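Notes for the one structure printed next.
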Amino acid sequence: MAKARGLSLKSLSDLRRFVGKIANELYRDEIDVNKAKALGYLTNVLKDIITDEDLEQRLEAMERALKIQRSDNK
């Protein structure tokens, strides 16, 4: 039995391609509507997580830079 290949949805670009794939499969009647809805919902959840993680990393970098700047000004 072949091992199933997992998805790599780590960026917004990955999610965009995945949603396009789902839309095409739905259009060609290759995927059930309920499954497409579930995948769309989960894709939206992942989008929010990726966006939040990016903002969190950027904020932490800004806080580190501000802390360094404050320590240099003492």
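How big is the Cα convex hull of segment 5-62 in projection, averaged over all directions, in nm²?
If you wrap the Cα atoms of segment 5-62 in a convex hull and average its projections, you get 4.4 nm².
Accessible area per residue for the chain in Å², computed with a 1.4 Å probe and the full protein assembly in place, what is it?
Each residue of the chain exposes 91 Å² on average to a 1.4 Å probe.
Of the accessible area of the chain, with the probe set at 1.4 angstrom, what percent is carbon plus sulfur?
About 55 percent, which is the carbon plus sulfur part of the accessible surface.
May I ask for the angle, rounded to the nearest 10°, between helix 12-27 and the longest principal axis of the chain, with both axes built from Cα atoms and the value confined to 0 to 90°?
So the helix axis and the longest Cα principal axis differ by about 10 degrees.
Could you derive backbone 3J(HN,Hα) for segment 54-64 from the dihedral phi with the Karplus parameters 6.51, -1.76 and 1.60 (θ = phi - 60°), listing whole Hz in sequence and x where the residue is Gly or Pro?
4, 5, 4, 5, 5, 5, 4, 5, 5, 5, 5
Under a point-charge model restricted to the Cβ atoms of Lys and Arg (+1) and Asp and Glu (-1), what is the dipole moment magnitude of the chain relative to its Cα centre, in debye to the nearest 20?
The calculation lands at about 200 debye.
The values are calculated or read from the model by the stated rules, or taken from the named source; none is laboratory data. None of these values were measured; they are calculated from a predicted model. Neighbour counts run over all protein chains shown; Cβ positions are idealised from the backbone, glycine included. The area values use the complete protein model at the heavy-atom level, side chains included, leaving out ligands, DNA and RNA. Shrake-Rupley method; radii C 1.70, N 1.55, O 1.52, S 1.80 Å.
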